[in-house]
Every structure is written in structure tokens, then in C-alpha cells.
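Worksheet: one structure, shown below.
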Amino acid sequence: MELLRKWLGHPEDIYNLLRFKMGGYRAVMPRMDTDSLGCGLRTCYRYLNQTSRSFAAVIQALDGELRHAVCIFYLVLRALDTVEDDMSIPLDVKVPMLQEFHSHLYQPDWKYTESKEKDRQVLEDFPTISMEFRNLSKVYQDVISDICHKMGVGMAEFLEKKVDSQHEWDKYCHYVAGLVGIGLSRLFSASELEDSIVGQDTELANSMGLFLQKTNIIRDYLEDQLEGREFWPREVWSRYAKKLSDLAKPENIDVAVQCLNELITNALHHVPDVLTYLSRLRNQSVFNFCAIPQVMAIATLAACYNNQQVFRGVVKIRKGQAVTLMMDATNIQAVKAIVYQYVEEIYQKIPSTDPSSNKTQQVIASIRAMSLPGSPMASRHHYSPIYLSCAMLLAALSWQYLSTLSTATEEYVQAGEN
């Protein structure tokens, strides 16, 4: 019944979940036919689906040869990330392994069979991945190898040090996410589906990655604490507590929320760059690929802002909300309207006593200037009483059915939750 009450509070979610399930997802994430692929590529796409509920669907919706290049790019970085995450590898082995990982792309027989991580298949069968890498056009190979090298060096740097300053926070996020944005942008331009400026403007591409990574780090405070990881910058949290873990204590909840709001304000500074980047995209599949994670991120920040639950459990956007964002974020005006909606939601929650309130208001003003609503999308959550009544009736009749959405639908929705 809790699920039913949740849907009755957001009847538009029911309509959009049904619309998504009954074919709406095909407009943004069409299914890919793998029957025509060679054995190696089929294996790579199988690994993609096994290792990433978040990205598998959006990658497979990309056009032409770009799809294969991004698939291999993802798997190479997943293999690199698996090495970084594997705590069973001694540091004296792991550091050079990360720094030199890119060289294994050109070694047909290289593989690593001693990993204990859940995604170890990408290391154990790295010869298949590296073979398909070498089958790509040289322009794609150069991008993937270069980004893999830079990311490996960056990961090695942060293995034994914590994130202290906000500058180091940006640097860490650059290594693990900004470089991904830069690499993807270069692949987009190399495919000629996008203009050369998309790949050349590394500052905007970096911001795309930093906005997503900072959102994940902010949202995942409690999970990271429970697993012994710390990614919030000391420069910020040390103004509110002696130890980062102290923010989870009930007696510190007020200052914890103030720290949270400061970090969200920091992340919001990337939004103007995100909007500028998206406004340059011309290919629909590339636009969907880039826009969907960004609107999920702004919705997640709106849910986290001034929210004590970040320190008590998991904060996620509703599945119906995620589905709505996925189907709506298909053009720049729609994305601007979505962004406007969520920064307004944040603005309405700014406490007058919050130490960062002035900075939060300022960054929201700059975002507003770029995303003023100019289309019906801005008011897409206003529904007539008749519609609401029908939706509630539909909820009462079908809530149990909807609570067991198909596995395919769940995979698509997970794109906004990871």
C-alpha cells in the first residue's frame, strides 16, 4: 500500500510509466540487433550488458560505428576501474598496472586472471576486448588509448591520498569522470556525427563529467562511509565537523545539511557549461546519450538539497520521474525547461540561515538566465482535475501490476540511478 500512496501523490508517474513500458522507451533507446555482429563484438556487448545497467541501453542506441567505439571505450575503462577497485592487488603491483594499462590494448594475449572483483570477466577476457579495440578505426583507437593512459595515471595518484582541497576534488573528478566526458566528445567528433568543436572544447566536456561525478559523490555520502571511502573534500567538511563520519551523527544533522548544501552549490556551477555543451549537439542519438544523465543529475541534486535523508539512507528520484525525464529530454529547449524546474525547486528550499545561501542564489540566477522557460515543457506537471481523477483510478486498478515492471524497463530506469 505504501507504493500505492506514493503513486497517488504523483499520478503523472503512472501515466509515464505505462507510456514508457508500452513503447515510449523506443524513441530514446531503441533495441539493437546483435545478430549481424561478429563473435567478438557480440561478446563485448554481452559484457557491456553484464557490467553496466546504467550505460548499456544508451550506448546501444547510438548511431553507426560510434556505437561500437563507445562500447569498447566503456569496457576498457571498466577493466581499468576494476583494477583500481580490487583491494586484493598490492599497491606496489597496482600502481604500475594502472599507469601502464593502456599499453595492454596493443598486446593481443594480455589478460589478468587474479582479480576478485565482480566485473573480473573484462580482465579475464581482455584479449577479446583489445582485439575489438584494434579493429576500430585508428582515430577511435588514439582517443581511447590516450584517455585510458591519462585516467590510469590519475587513479594511481589518488590511490594513497585523500581529497583535501576543492581543487583536488575537481582534479579527482576530472580523472575519473571529466576524462570520460573529454574522450566521448572526441569520439563524437571523430565519428563526424558532431562538429569538431564538440571534441575540441575540453573545458565544457570536462564539466559534463564533473557535474555527474559530483552528484554521485554527494548523493552517496552514507554508502561511501559504510564502505570506508571518503570523497567529500576536507576543505569543505572540516568547517562543519572534526571527521567526515561525524556528519552522520544525529546531533550534527544541522551542520551536516549545511555542508551538503555547500557541495551542491559547488556542483551547480557546472550547469551553465552543461547547457552550452548540449546546445552544440546535432545528432539525436548523441543528444539523448548526453542529456539523459544530466537531467537525472539535476533532479537528484534537487532531491538531495537541504535533505537530512542523505545522512540517513538513500536518496533517489522516483522511477516514474526518471522515466518522464528520459522521454522528455530529447531537445535543448526541453532540457532547459527541466533544468529551470529543478533549480526553482532548489531555490524554494534555500534556508535563509544557510551559510551558502547567497552563493546558491547567485548560481541559480546564472542558470535561470540560460534556461528561461520558452515552451510548454516548463509546465508539463500541471494536470487537469479530470486527468488526475482518471490517473488515481488507474493507480487503484493497476498498482500491483506496475510494482513488477519488466526487467527491461528496470534496466532503462537504472540509467538515472547510477
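The values are calculated or read from the model by the stated rules, or taken from the named source; none is laboratory data. Keep in mind it's a predicted model, so treat the numbers as computed, not measured. Don't worry about glycine lacking a Cβ; one is built from the backbone with ideal geometry, like all the others, and counts go over all protein chains shown. Heavy atoms of the whole protein, side chains included, go into the accessibility calculation; ligands, DNA and RNA do not. Shrake-Rupley method; radii C 1.70, N 1.55, O 1.52, S 1.80 Å.
Carbon-plus-sulfur accessible fraction, segment 114-203 (probe radius 1.4 Å, protein heavy atoms only): 46%.
Residues 344, 235, sorted by accessible area with the largest first, give 235, 344 [1.4 Å probe; ligands and nucleic acids excluded].
Going down the table (162/242; 161/249; 118/150; 94/138; 118/316; 214/349), which pairs top 18 Å between alpha carbons?
Numbers: 162/242 15 Å; 161/249 25 Å; 118/150 24 Å; 94/138 28 Å; 118/316 24 Å; 214/349 20 Å.
Correct reply: 161/249; 118/150; 94/138; 118/316; 214/349.
Derived scalar couplings between HN and Hα for segment 213-223 equal 5, 5, 4, 5, 5, 5, 5, 8, 3, 5, 4 Hz in order, rounded to whole Hz, by the Karplus curve 6.51 cos²θ - 1.76 cosθ + 1.60 (θ = phi - 60°), x for Gly and Pro.
Within the accessible surface of segment 224-323, defined with a 1.4 Å probe on protein heavy atoms only, the carbon and sulfur portion equals 47 percent. Relative contact order, whole percent, for segment 166-370 stands at 21, derived from Cα pairs under 8 Å and 6 or more residues apart. Toward the positive end of the charge dipole of segment 38-161, with +1 on the Cβ of Lys and Arg and -1 on the Cβ of Asp and Glu, the farthest Cα among 54, 74, 128 is that of 54.
The accessible area of residue 223, taken with all protein chains in place and a 1.4 Å probe, comes to roughly 90 Å².
What order do 149, 270, 174 take when sorted by accessible area (1.4 Å probe), most exposed first? Please report the intermediate quantities before stating the final value.
Details: 149 75, 270 25, 174 50 Å².
From most exposed to least exposed: 149, 174, 270.
With a 1.4 Å probe rolled over the protein heavy atoms of all chains, the accessible area of 84, 227 falls in the order 227, 84, largest first. Highest average first, the peptides 158-164, 139-145 ordered by how many other beta carbon atoms sit within 10 Å of their residues are 139-145, 158-164. Compared with the direct C-alpha span, the chain from residue 100 to residue 165 gains 20.6 nm at full extension, assuming 0.36 nm per residue.
Can you give the local net charge around residue 77? Use residues other than it whose beta-carbon is closer than 13 angstrom to its beta-carbon, Lys and Arg +1, Asp and Glu -1. Don't skip to the end; give the middle numbers.
Working: positive: 78, 150; negative: 81, 84, 85, 119, 146.
Value of the local net charge: -3.
On the beta carbon distance between residue 369 and residue 200, with R0 = 22 Å, the FRET formula returns roughly 0.30.
Other residues with beta-carbon under 14 Å from the beta-carbon of residue 310 carry, at +1 per Lys or Arg and -1 per Asp or Glu, a net charge of +1.
From the alpha carbon centroid of segment 219-245 to that of segment 86-144 is 31 Å.
Kindly report the accessible area of segment 255-312 per residue (heavy atoms of protein chains, probe 1.4 Å, no ligands, DNA or RNA), in Å².
With the other protein chains kept in place, segment 255-312 gives 25 Å² per residue.
Averaged over its residues, segment 38-161 has an accessible area of 43 Å² per residue, based on protein heavy atoms and a 1.4 Å probe.
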